[in-house]
Amino acid sequence: MEVDSTLKLKVTGTYSKITWKSSKKSVATVNSSGVVTAKMEGKATITATVDKKKYTCNVTVVDSNKTKPYKTGDTWTVDGIWTLTFNSVTTTEERYHQPGDDIPKQVVVLDYTYEGIDDGGNYMDMYTFSVIDANGNIARKYPSKDMDDTKLGEKCEGLKAIYGLFAESDMITVKVTMYDDDYCEYKAIFELDIE
């Protein structure tokens, strides 16, 4: 669940009174109707008690709008969906531009590792990187033959993304937006040094 989202739980097959309880109210609360409200990142267990029997539901709360900047080598994990790590950012002398395009001042290669945890069989094509140079310019993506479709459930190391920067930079900011199978959006910010 996302912070501030709600989810209604129910117990079927009974007309008896249900008592709801959260193991960690700072993470998720539950009201007398079984509506869970996500409060902050973490894990909680919601328990429904019916006729002296207990039923549980484990809840993980995430905050995709959290702006903690990740660094080179840090792993962004969205539990049960994926992990993403930028391993390095290096420069290359390669230049690619169409007539009339500005020639980039610097071209960088982002080497990253992606692991899809959900093995639902879909492709990991629902993500974007916005790369920003030291002057705040949005970089232009270069075509890369190294990028292949990657099935969820696989760990892929050495993936490459190439960007042309319009200002010489020692560091770039990468804003990552990814979507799960239900089109829920998750965001992270990486501040990466250029080697």
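Observations, loosely collected:
- Selection from segment 176-195 of residues that are assigned to a strand (DSSP E or B), of a type outside the set (A, V, I, L, M, F, W, C) and closer than 19 Å to Q106 by Cα: E191, D193
- Boolean, V59 is open to solvent by less than 40 Å² (accessible area, probe 1.4 Å), more than 24 Å from V131 (Cβ to Cβ), at pLDDT below 90 and not polar (S, T, N, Q): no
- V30 being surrounded by 14 or more Cβ atoms within 10 Å (Cβ to Cβ) and either outside the structural domain of I138 (by the TED database) or touching a helix residue (DSSP H, G or I) at 6+ places or on another chain (Cβ under 9 Å) (or both): yes
- Only one entry of K21, K43 meets the criterion of being open to solvent by 40 Å² or more (accessible area, probe 1.4 Å), in a strand (DSSP E or B) and at pLDDT 95 or above, and that entry is K21.
- Wholly within segment 78-163, strands (runs of 3 or more DSSP E) carrying at least 3 residues that are at pLDDT 90 or above and surrounded by 15 or more Cβ atoms within 10 Å (Cβ to Cβ): 82-92, 106-116, 127-132
- T67 meets each of the listed conditions (1) of a type in the set (S, T, N, Q); (2) modelled with pLDDT of 75 or more; (3) open to solvent by 50 Å² or more (accessible area, probe 1.4 Å) apart from (2).
The values are calculated or read from the model by the stated rules, or taken from the named source; none is laboratory data. Keep in mind it's a predicted model, so treat the numbers as computed, not measured. FYI the Cβ positions are ideal-geometry reconstructions off the backbone, even for glycines, and counts take in every protein chain you see. Side chains are part of the model used for accessible areas, which takes the heavy atoms of the whole protein and leaves out ligands, DNA and RNA. Shrake-Rupley method; radii C 1.70, N 1.55, O 1.52, S 1.80 Å.
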